[in-house]
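Remarks on the structure that follows.
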Ligand code: GTP
């Protein structure tokens, strides 16, 4: 089985972090998030993954050169952003049979084997995993029959309503790509799936209550870390706080159990950190206070400065007091 992992978005909602680090390579629990996605795929028998991105491409090459283990990765050049469907269509020469497509920013322990069996049992050309949410406003809803057949995609609702949304994990047949024009921007959610439904093709949805979070916003990125620290992600337990290799905490500092410190990060005397993610080599000076924030690599918070509910770029500097 092969999979296309979509990693080519600019991740605008996570700026300024994503100005230097592509969203799928942001650390999650001190490992590049893409490593987590790849091991989830390997755990479900995926042997080869196809990736493409025109955004910060060299960062991906560095990650791929440094990694070991399965699945194998084929990198293809995406000269300009082709959208979610365009990127999959660009990989078509590598895709012979049924394949998976996964968003490179979704944290989930979805059972891909069960998704594939569902797809095959229904004779679908495309199957979309669904996840229930309490507030569908940021997402857009998928309407389906009881047997899973997709009837329609609905735009983002204006009122806060619960519903089932596209979870960003798909099983596709290669034929689906035949009508996707080459080399232009095409969205799988907004163009390819609605087009298949209009033509009466069997598109199915697979409801799942597996753990699911789209890490595309600062709130979700932070919340996913807090979930992982609480042991809610795939049953895995972490030390709390999670302290990366070579990181240091002054004995007079207060670091909450809801904190992740990257490798080489340091928290100075009397400083305090809560509900936050510090990337590698972040430095918190004496008496600094950080709460509800994400601090990019090598950020320096000078003595006495207070950072709350913020996202700071790589190598940012917060002046003292
Ligand atoms: P925002 O700008 O914050 O919306 O983030 P994004 O650009 O990543 O967009 P979005 O979260 O909607 O994208 C969903 C998935 O598709 C992510 O994993 C993206 O990396 C990926 N993606 C989006 N656009 C492209 C594209 O043009 N090419 C490729 N290869 N992947 C894409």
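FYI, it's all coordinate maths here, none of it is from the lab. Fair warning: this is a prediction, and the values are worked out from it, not measured in the lab. So basically every Cβ, Gly included, is an ideal-geometry build from the backbone, and we count neighbours across all protein chains shown.
Points worth noting:
Here is a yes/no grid of residues against (1) more than 30 Å from residue 169 (Cα to Cα); (2) part of a loop (DSSP other than H, G, I, E, B); (3) in contact with a strand residue (DSSP E or B) (Cβ under 8 Å, 6 or more places away or on another chain):
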residue: 226; (1), (2), (3): no, no, no
residue: 236; (1), (2), (3): no, yes, no
residue: 246; (1), (2), (3): yes, yes, no
residue: 269; (1), (2), (3): yes, yes, no
residue: 273; (1), (2), (3): yes, no, yes
residue: 304; (1), (2), (3): yes, yes, no
residue: 321; (1), (2), (3): yes, yes, no
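- Taking the listed residues 107, 151, the one that is more than 16 Å from the ligand (Cβ to nearest atom) and closer than 30 Å to residue 183 by Cα is 151, with no other qualifying.
- Where residue 101 falls short, out of the listed (1) touching a helix residue (DSSP H, G or I) at 6+ places or on another chain (Cβ under 7 Å); (2) surrounded by fewer than 21 Cβ atoms within 10 Å (Cβ to Cβ): (2)
- Restricted to strands (runs of 3 or more DSSP E) entirely inside region 120-185, those with at least 3 residues that are more than 19 Å from the chain's Cα centre (by Cα) and buried (at least 18 other Cβ atoms within 10 Å of the Cβ) are 141-144.
- Qualifying residue in region 198-218 (condition: touching a helix residue (DSSP H, G or I) at 6+ places or on another chain (Cβ under 8 Å) and part of a helix (DSSP H, G or I)): yes
- When residues of region 41-63 are limited to those that are buried (at least 20 other Cβ atoms within 10 Å of the Cβ) and in contact (Cβ under 8 Å) with a residue 60 or more places away in the chain, the one nearest to residue 243 (Cα to Cα): 41
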